[in-house]
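Working notes, structure below.
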Amino acid sequence: MTGFDLEQVKERVILVGVSEQEQDDTKDSLEELAQLAKTAGAQVAGTVIQNLSRIHPGTYVGSGKLEEIRELLWELDATGIVCDDELTPAQIKNMEQVLDTKIMDRTLLILDIFADRARTSEGKIQVELAQLKYRLSRLAGLGRSLSRLGGGIGTRGPGEKKLEMDRRLINHRVAQLNRELKDIVKHREVTRSQRTKNGIKTAAVVGYTNAGKSTLLNFLTDADVYEEDQLFATLDPTTRLLELPDKQKLLLTDTVGFIRKLPHHLVEAFKSTLEEAKYADFILHVVDASNPQWDKQMHIVYETLRELGVENKKIITLFNKCDRLETEDNYRDFKADITLHISARTGMGTWRLKEILQDVLREDKVLIEQLVPYSQAALIGKIRQYGELLQEDYRENGIFIQAYVPGGMSRIFVKG
C-alpha cells in the first residue's frame, strides 16, 4: 500500500471533550478540534462533552458516557473517536476495550497534520522526532488502535512500520534524528550569527495558526509562501529580506503557528525553529481580528512565548483581517508596545506598518552630521551597508554626510 493509498482513507470520527468547570473553553476547543479533524482529512460525525470535576484517569470520560459513545459509534457509523486532550497509554487501552474502535487524541491529530505539511528536511526530521517520542511513550496502547484501519490519521510521516519496531529500534532512530537535528541547529546558529555580524535586524512573525502570517510575509516581501485559509497551512520557517521605503533593511522570519494545547513533543522537536522568536530583535504579533476568539488566541500566543523564554522584546501587534470587520474600536493589546489594524490580503494599513518599522529600526541608531575626508571615503559604503544615508554632499575638503548609523559605528566617525 502506497502513501497515496493511505491518504484516501476517509474516517468518520466523534469528538469527545471534558469540561472541568463552568464557562471554560471546552466548546471553543472542540470547535477547533473539528477544524483539525477536517484538516487531517476526517469527517466529524458527532460531538460529545462530559462535565466532570477532573478528567477520568483510567478512561478519560466516565463509564456511563463511554456506553453512550459506544452507541453513538454504531448509530453514526463512525470509525473512531478523537479526544480533545492528550491521552495516556492506559486511557487508550481501557477505552479501546470498551469501544472497540480507533482511539485518537488532539496531539495525534496535530502531529498527523504536521507530517502531511512538512516540506523541508528540517521540518520532516522535527515531525518524525515528535511522532516517535509520542508513540514511544504509548507503544503498548497505540499499536492495536492505529493498526485497525491499516491507514488514515496517525499513520502519516514515518508510517506504521515505525509502530512495528521494538523500543530499542525506536530509541536508535530517535538518537539518529537528534544528531541530524543538532547539525541543523548548529547551521541555524551560524546563520543567526552571520545576520548579527551584518547588522541587519530581525523581526519574528508570530501568531495563532491561520492568523495570516504567511499572507503578510508574501505581501511585504513577495516571499511566495503557501497560504490558505486553514490550520497550519505552512509549517516550515521562512526568512525574507524586507527593504523599507527609506532603504533600511529588515529580516522577517515566519514561525510555526501556535494553537491550544500545542503538544509538548512538538514544542520540544521544533524548539530550534520556535526559538527564532527568542533571538529576534522584536516581535510582530499577528492576530486574526475576525475570529470571535481573538482575545483567547492572543493569550495562548503570549503563554507559548513565555514558555519559550521570549521576554523583554518590543512587540508590535497587528490586528489582521480588518477588512472583514464593521468596527475596529474593541481591539486592544495591552502587552504590546505598538498596535495597528491591517489587512494583509488587501494591503490596508501596511504602509503605516512600514513607517512604524522604519521608526523602530532607527531607535538603536545615532544621527550623525560630519565631514568625511576623501581619504576615508570607504566609510560611506559602510554607512550604506549598516546604516541609513540621508544626505551626501561632495565638497572641496571632503564629503559632508547626514546619516543614521548603529551606536558602535558612530564612535568611528567621532574619532575620524
Inset, instruction - Would you grab the residues whose amide H sits under 5 Å from the one on R12? Only those 5+ places off in sequence or on another chain, please, with H modelled 1.01 Å from N. - result: Q43, T79, G80
Inset, instruction - Give the long-range amide H neighbours of R345: residues separated by 5 or more places, or on another chain, with amide H under 5 Å away, using H modelled in the peptide plane at 1.01 Å from N. - result: K321
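Are there chymotrypsin sites (Phe, Trp or Tyr not before Pro) in region 275-368 that DSSP puts in a loop and that have at most 11 other Cβ atoms within 10 Å, and which ones? All intermediate terms of the calculation are to be shown ahead of the outcome.
Values: sites: Y279, F282, W294, Y302, F319, Y331, F334, W351; in loops: Y331, F334.
Here the chymotrypsin sites (Phe, Trp or Tyr not before Pro) that fit, given the DSSP loop and packing criteria, are F334.
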Inset, instruction - Determine, from the Cβ-Cβ distance of K10 and K249 and an R0 of 41 Å, the FRET efficiency 1/(1 + (r/R0)^6), rounded to the nearest 0.05. - result: 0.30
Inset, instruction - Report, as a whole number in µm² per second, the diffusion coefficient that Stokes-Einstein gives for region 326-416 at 20 °C and 1.002 mPa s using the Kirkwood radius over alpha carbon pairs. - result: 136
Legend entry - Largest-first principal axis extents of the Cα set of region 200-361 (Å): 42, 38, 31
Inset, instruction - Give me E128, E96, E68, E326 ranked fewest to most by other Cβ atoms within 10 Å of their Cβ, as a rough exposure proxy. - result: E326, E68, E96, E128
Legend entry - Gap separating the Cα centres of region 64-138 and region 307-369, nearest whole Å: 38
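All of the numbers you see were taken from the coordinates with simple rules; none came from a lab. Owing to the predicted nature of the structure, the values given are computational and were not obtained by experimental measurement. All Cβ positions, glycine included, derive from the backbone under ideal geometry; neighbour counts span all protein chains shown.
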